[in-house]
Amino acid sequence: QRVLTLAKELEDSFNNDCRYVCLTDLDLDEWFPPVERIRNHRFTRYTSLEVLFFYREYIFHHLCVVCRAKIDDFDVFFEGFTSVLVKLFSLRCAGKELDFLISWVDFEKSVKKNGSEITFNYKDFVRKSLGKSNLSEELEGVIANASRWEEKFAGDPRRFIRGHDFVRLMAWSVKNYNGVKEVSTESATSRILVSAAANNHEIAEELNFVLA
């Protein structure tokens, strides 16, 4: 919101001769049109820049090679990993559509390691979040709405996964699959992504897209 506010102020203050670009994460906005148009402002193509790293090969390299996580069956792991992120996105869409101000608790407390599989106690996470937000009576309605959202999601997961959730689940995975302790934090994960950005061709394409 701060970047959008800045973009509006710059639009009012400068003419087209002044060259600048304001970049904002698309986040949920693709699913709640219309997207606001402001001069010299761009949204990312996907929900955020972080999700440009959301592909199996990179996640395997990050977790199992760089961070030395001990994951026996990566296909099983990746399916559960993706499922958790999509469910979290569907819940955020449900909260927005229902116009509920939900204070989401840390989802990591509802995620468990079961061998190579990641399981998500989805209902427990929603119950705790709604309880914290004084919306406990809305539990079934939020879950039903989120399920309808999840049914809409098809194609490239980068359109329905939030970058911040992705980074946090990467850090959780390093910690819970006995990876290198020093890189098992959200901050360390973010710095590794920044370091890897130079070798990610989609980052370059995204910047060209933004500056075009």
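The values are calculated or read from the model by the stated rules, or taken from the named source; none is laboratory data. Predicted, not measured: the structure shown is a model, and the values here were computed from it. In this analysis, Cβ positions are derived from the backbone assuming ideal geometry, glycine residues included, and neighbour counts consider all displayed protein chains. Ligands, DNA and RNA are excluded from the accessible area calculation, which covers all protein heavy atoms including side chains. Shrake-Rupley method; radii C 1.70, N 1.55, O 1.52, S 1.80 Å.
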For CYS22, what residues show an amide H to amide H distance below 5 Å, using hydrogens built from the backbone and excluding near sequence neighbours?
HIS41, ARG42
Given all pairs of different Cα atoms, what value in angstroms does the Kirkwood hydrodynamic radius of region 82-129 take?
11.4
So which residue, out of VAL76, VAL111, VAL142, gets the largest mean-square fluctuation from a GNM of the chain using Cα contacts under 10 Å as springs?
VAL76
So if I place +1 on the C-beta of Lys and Arg and -1 on the C-beta of Asp and Glu, and nothing else carries charge, what would the dipole magnitude of the chain be about its Cα centre? I want it in debye, nearest 20.
500
How long are the semi-axes of the ellipsoid equivalent to region 137-193, from square roots of 5 times the Cα gyration tensor eigenvalues, in whole Å, largest first?
30, 15, 9
Positive end of the dipole of region 1-151, charges at C-beta (+1 Lys, Arg; -1 Asp, Glu), about the Cα centre: which of PHE77, LEU101, TRP149 has its Cα farthest in that direction?
PHE77
Springs between alpha-carbon pairs under 10 angstrom, Gaussian network model over the chain: which of VAL65, VAL126, VAL183 fluctuates most?
VAL65
Overall Cα dimensions of region 14-123 - principal axes, largest extent first, Å
58, 36, 18
Taking every other residue with Cβ under 11 Å from the Cβ of SER190 and scoring Lys and Arg +1, Asp and Glu -1, one gets 0
Convert 25 °C to kelvin, take the viscosity as 0.890 mPa s, use the Kirkwood radius over C-alpha pairs of region 112-212 as Rh, and evaluate the Stokes-Einstein diffusion coefficient in µm²/s, rounded to a whole number.
147
I'd like the distance between the alpha-carbon centres of region 167-182 and region 95-166, rounded to an integer number of Å.
21
Would you mind calculating the relative contact order of region 7-150 from Cα pairs under 8 angstrom and at least 6 residues apart, reporting the percent as a whole number?
18
Net charge over other residues, Cβ less than 11 angstrom from the Cβ of LYS181 (K, R count +1; D, E count -1)
+1
Quick one: accessible surface of VAL66, probe radius 1.4 Å, all protein chains present, in square angstrom to the nearest 10.
70
Per residue, how many Å² of accessible area does the chain show with a 1.4 Å probe?
55
Computing the accessible area with a 1.4 Å probe over protein heavy atoms, can you report the carbon and sulfur percentage for the chain?
49
Under the helix-only model (-39500 (n - 2.57) for each DSSP H run of 4 or more, divided by the residues of the chain), the mean residue ellipticity at 222 nm, to 500 deg cm²/dmol, is -15000 deg cm²/dmol
Rounded if a/c is under 1.5, else prolate if a/b beats b/c, else oblate: with a ≥ b ≥ c from the C-alpha gyration tensor eigenvalues square-rooted, which is the chain?
oblate
Holding the Cα-Cα limit at 19 Å, pick out from LYS113/LYS152; LYS87/LYS152; LYS128/LYS181; LYS123/LYS181; LYS112/LYS132; LYS70/LYS113 the pairs that are longer than that.
LYS113/LYS152; LYS128/LYS181; LYS123/LYS181; LYS112/LYS132
